[in-house]
Amino acid sequence: MNEESFNVSHIGAGSYTPLFLEGNEIFGAQPFLMAHHQMKKSDIQKQHLLYSFNLLTSKFQWQNVFYKENYWDQGKKLSYFAWARRENKIYISPYYDHEIQVYDNDSKEITLRKEVKSKYVNKFNFVDELPGSSEEAVLNTIGSDQYEIFLYDKYRDVFYRIFLPGYEPQESLEIEKLRMLERSRPITGIMILDKDLNTLAEHVFDEFEVHSSDNFLVGRQGLYVSTNNMNRDDFSDDYFRYKILKVNLDEK
């Protein structure tokens, strides 16, 4: 790593950023900015987002993948992304930016950067200073727009980019209720993209219709979307409840 790069305190994997095996190498994500409030805009290019690990040589290597240089031009956006793999390429989809990067596992280079904007995502959360309270922090989060999980559907050769439009509660709520709205966002939408990241369709579900977290499953019949939003009156931990989103490519 460059000596001027920020130290990384944690590396992990999950459903949003799974590990990918390509030949003898594992590719993993490091989606966080390690010193958000201490970093300057120019420091964005010192925070690597992707690493590889060779299983034969035990060599760990940071790849030259970063958020774009103007990521903080309008203010200090937060840092996280989801990703998916198609063939030998990894598609990196930030939560707080429209641009998707395509990383080639063979050449170990970014081969495409493309603006993939939802018409419903217009106001990101800028955190230029610490919020005054926990309530303010959560309200800023749920009141702003962002993207979330990014999935590849091998059966239909399309991508799904989940997004979360902002929501303003109509009444004052206790912090526990606000955090529940943050955990299971009231409004969820989905973009359907072709293999070249062109938008085929967008859809916004009704308030509290679906659970906004990572409970999306790609299957032969379509995309399984959880309807177990934690803020619904009929929410239950005892059952898995899904609706199937079907994509008819002949009608695009």
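The numbers here are math on the coordinates, done by the rules we state, and not lab data. Since the structure is predicted, the reported quantities are computational estimates derived from the model, not experimental observations. Positions of Cβ are backbone-derived with ideal geometry, glycine not excepted, and every protein chain shown enters the neighbour counts.
Below, the figures for the structure above:
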| read-out | value |
| --- | --- |
| Table column - 3J(HN,Hα) (Hz), the stretch 39-52, Karplus curve with 6.51, -1.76, 1.60, x for Gly and Pro | 6, 9, 4, 5, 6, 4, 7, 9, 10, 5, 10, 9, 10, 10 |
| For the chain, calculated [θ]222 nm from helices alone, where every DSSP H run of n ≥ 4 adds -39500 (n - 2.57) | -2000 deg cm²/dmol |
| Packing-based exposure ordering (other Cβ within 10 Å, fewest first) of SER134, SER172, SER52, SER93 | SER172, SER134, SER52, SER93 |
| Estimated vicinal HN-Hα couplings, Hz - the stretch 58-71 in sequence order (Karplus 6.51, -1.76, 1.60; Gly, Pro = x) | 6, 8, 9, 9, 6, 9, 7, 10, 9, 5, 5, 4, 9, 4 |
| Cβ-defined net charge surrounding PHE159, 12 Å radius [Lys, Arg +1; Asp, Glu -1] | +4 |
| Counted charge near GLU129, where neighbours are those whose Cβ lies closer than 13 Å (Asp, Glu -1; Lys, Arg +1) | -1 |
| Cα-projected label distance for PHE126 with ASN64, points at 7 Å along beta-carbon direction, nm | 3.1 nm |
| Label-point separation, ASP106 to GLN38 (7 Å along Cα→Cβ), nm | 4.2 nm |
| Cβ-based exposure ranking for LEU139, LEU50, LEU249, in which fewest neighbours within 10 Å come first | LEU249, LEU139, LEU50 |
| Among LEU164, GLN221, GLN146 - extreme Cα towards positive end, dipole of the chain, charges at beta-carbon | GLN221 |
| Kirkwood-based Rg to Rh ratio, the chain, C-alpha trace | 0.96 |
| Computed magnitude of the charge dipole of the stretch 1-115 (debye, nearest 20; Cβ of K, R +1, Cβ of D, E -1) | 220 debye |
| Values of log10 I(q)/I(0), in the order q = 0.16 Å⁻¹, for the stretch 196-237 under a Debye, Cα-only, solvent-free model | -0.53 |
| Virtual spin-label span in nm between GLU209 and ASP238, 7 Å along Cα→Cβ | 2.7 nm |
| Among ASN54, SER118, ALA29 the positive-end extreme of the charge dipole of the chain (Cβ point charges) | ASN54 |
